[in-house]
Every structure is written in C-alpha cells, then in structure tokens.
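First up is the structure itself, then whatever we jot down about it.
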Amino acid sequence: MPLLAKDLWSLVWGRPQVDPQELADAVREEVGHAALDFRTRLLVRDSLNALQKHWGAERLGAWLSTSPVREKLEAIWQEKLGDTGFATLQDRIMEKTEPETIRQYLRELGTHLNRPARLLVGRAAALILPGRLSRATDDIDVVDEVPTEVRALHSLLDQLKQRFGLRLAHFQSHYLPAGWDQRLHSLGAFGQLQVFLVDVYDVFLSKLFSAREKDRDDLRVLLPQLNKGSIVQRLQESAAALMGDAAMRQRAEKNWYILFGESLPAKNDQGPSTQEHDQNNH
C-alpha cells in the first residue's frame with residue numbers, strides 16, 4: 001500500500017525529511033480540529049517557525065492569508081508556549097521530489113528517442129513514483145546501465161539535469177535479490193521509453209544490505225507499508241548471494257536489529273503470517 005497522507009504528528013515524528021508543503025497542509029488540517037492539547041499547539045507553533053525559516057516571512061504570510069483557519073493559526077503562533085519543543089524540525093525540512101516531476105522528465109526524454117528503449121528503475125525513484133516514499137532525490141537510478149540509445153543524448157541529458165534537478169545514474173544488479181527481473185512492475189510508456197520499476201520488496205532488501213544512513217532511513221519509512229512475513233520470505237528465498245558476502249551480511253544484521261530489535265532471521269526461520277501481521281497492526 002502506498003504511503004498515505006499523514007496527520008501532523010505522523011508527518012514529523014521520526015522522519016528524516018519533511019516536505020514544507022506537506023507540513024503546511026498538515027498544520028492547517030490539525031488546527032481545524034475542535035481542541036488542541038498543549039503539545040500539539042507547541043508543535044503547530046514550532047512548525048510555523050520552521051516554515052518561516054524555510055519559506056521566508058513573505059511566502060508564509062501569503063499562505064496564512066488564504067488559510068480558512070488563519071485566526072486560530074496566528075493565535076497559536078503568538079501564544080506563550082515556552083522554549084522550542086521540536087528543535088530538529090527546522091533542519092529536517094526539505095522539498096520532496098514529486099512523482100510527477102520524474103514522470104515529466106521521462107516523458108521529455110522519451111520524445112527524443114528514435115527507437116524503443118527500456119529503463120529499469122530502482123532505489124529511491126522506484127519508491128517515490130508509486131508514492132511509497134516522500135523525500136528529495138537527485139537521481140533516477142537505473143539497474144546495471146543506462147540504455148545506449150539514452151546515453152547517446154549527452155546534450156539533452158545535461159539540459160534535463162539543469163531543468164529538472166534530476167540525472168540518470170546506475171547501480172549494479174548484484175545488489176538486488178535473485179529473480180528481481182521477474183518481479184518488475186510496468187510504469188508505462190513515455191514516448192519511445194518503456195519504464196519498469198523494481199519491486200518494493202526487492203528495493204527494501206537491497207537497502208537492508210546497505211551501509212548508507214539514507215537507505216536505513218528509507219527502510220524505516222517503508223517498514224509500516226510492508227508485511228514482515230513477506231520480507232522474511234523474500235530474504236530467505238532470494239538473498240543467498242547477498243547473505244554470502246560477509247560485509248553485506250553484517251550490514252543487514254545491523255539494519256535488521258535497528259528495525260526490529262532482533263537477530264536477522266536464519267535460513268529456516270519463519271516470519272509471522274500475513275494474518276498475524278495484520279492483527280498486530282490493528
């Protein structure tokens with residue numbers, strides 16, 4: 001299930017990046033409720049301060065002027081609530097990469113091709129496009145290599161990089177679980193360009209074996225959207241090569257412990273069933 005719209009607390013709690021427009025929308029929605037406790041009013045005030053720092057007073061003022069709950073927002077902002085309660089929020093605000101921006105990039109790229117080409121997209125872009133991840137990225141990561149027909153468009157790729165803030169990059173398929181290429185999902189045709197996305201469970205496992213902090217953060221965002229039993233099954237059935245690399249296994253053990261507070265499942269361990277997982281989430 002794709003990432004759903006967040007309420008204010010869910011949006012800011014434990015997330016490494018918070019999009020300013022999503023924050024503003026969540027603040028407005030929260031303030032529309034009948035009554036707010038002290039901690040929520042404090043979060044609203046600190047959110048407005050963070051937005052002012054990021055957007056500037058003029059843009060925030062323009063947003064406030066169109067808000068149906070402007071008076072309540074301004075009252076909370078001016079309320080004497082004490083010191084900052086959410087000190088990290090200002091540093092976590094970052095404009096997210098919109099899925100539609102990536103699609104526009106792909107459409108323009110596809111119209112310049114003279115013959116059909118396939119693009120197999122993984123990593124963050126494969127999560128942002130279906131709405132499973134909301135954060136900034138500069139890269140559209142392609143499995144193994146960018147197709148020759150696309151690589152040849154040097155000037156166009158430079159222009160698109162400047163105009164969209166995106167570039168085509170690549171990573172090796174040996175960082176993905178076995179059989180990943182049989183589980184691709186079609187994103188559709190973009191002119192002459194056919195685009196496929198790596199399956200979310202395969203992306204999850206590739207990040208599980210990563211040492212990068214941003215991959216660990218992506219895992220934390222993905223985890224509530226996935227079924228633990230399915231993760232364990234994919235790990236046991238398709239990740240033998242990844243598990244066979246001592247350094248990569250060590251990374252996976254560390255990341256698994258951070259995520260679940262337990263040891264990485266052994267070969268024959270059984271994760272909870274889908275029904276058990278669903279019951280635990282309700």
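For the reader, a short list of remarks on this structure follows.
- Among the residues of region 212-248, those that are hydrophobic (A, V, I, L, M, F, W, C) and either within 17 Å of the chain's Cα centre (by Cα) or at positive phi (or both) comprise Leu219, Val221, Leu222, Leu223, Leu226.
- Residue check, Arg220 farther than 15 Å from Pro265 by Cβ and charged (D, E, K, R): yes
- Qualifying residue in region 128-138 (condition: part of a strand (DSSP E or B) and either of a type in the set (Gly, Ala, Ser) or touching a strand residue (DSSP E or B) at 6+ places or on another chain (Cβ under 6 Å) (or both)): no
- Total residues in region 78-126 satisfying the condition of being part of a helix (DSSP H, G or I), free of Cβ contacts under 8 Å to residues at least 60 places away in the same chain, crowded, with 16+ Cβ neighbours inside 10 Å and more than 23 Å from the chain's Cα centre (by Cα): the figure is 1.
- Residue check for Val31: among the β-branched types (Val, Ile, Thr), under 26 Å from Leu127 (Cβ atoms) and crowded, with 19+ Cβ neighbours inside 10 Å: no
- Given (1) crowded, with 16+ Cβ neighbours inside 10 Å; (2) in contact (Cβ under 8 Å) with a residue 12 or more places away in the chain; (3) of a type in the set (A, V, I, L, M, F, W, C), number of the condition Phe38 does not satisfy: (1)
- Residues that are acidic (Asp, Glu) and in contact with a strand residue (DSSP E or B) (Cβ under 9 Å, 6 or more places away or on another chain) occur at least once in region 14-37.
- Breaking point among (1) over 23 Å from the mean Cα position of the chain (by Cα); (2) over 13 Å from Phe204 (Cα atoms), for Lys254: (1)
- Failed item in (1) under 25 Å from Ala169 (Cβ atoms); (2) in contact with a helix residue (DSSP H, G or I) (Cβ under 6 Å, 6 or more places away or on another chain); (3) in a helix (DSSP H, G or I), with Leu48 passing the rest: (1)
- Gly165 being surrounded by fewer than 16 Cβ atoms within 10 Å (Cβ to Cβ), closer than 29 Å to Asp19 by Cβ and outside the structural domain of Val18 (by TED's automatic domain parsing): yes
- Residue match in region 59-75 (condition: part of a helix (DSSP H, G or I) and among the hydroxyl-bearing types (Ser, Thr, Tyr)): yes
- Residue that is surrounded by the most Cβ atoms within 10 Å (Cβ to Cβ), among those in region 41-73 that are within 13 Å of Ala26 (Cα to Cα) and among the hydroxyl-bearing types (Ser, Thr, Tyr): Ser47
- Matching residues in region 146-162 - criterion: being among the charged types (D, E, K, R) and loosely packed, with under 14 Cβ neighbours inside 10 Å: Arg151, Asp158
- Verdict on Arg135 being under 28 Å from the mean Cα position of the chain (by Cα) and either surrounded by 14 or more Cβ atoms within 10 Å (Cβ to Cβ) or not assigned by TED's automatic domain parsing to the domain that holds Lys207 (or both): yes
The values are calculated or read from the model by the stated rules, or taken from the named source; none is laboratory data. Remember, it's a predicted structure, so these values are computed and weren't measured experimentally. Every residue, glycine as well, gets a Cβ built from its backbone with ideal geometry; the counts of neighbours run over all protein chains shown.
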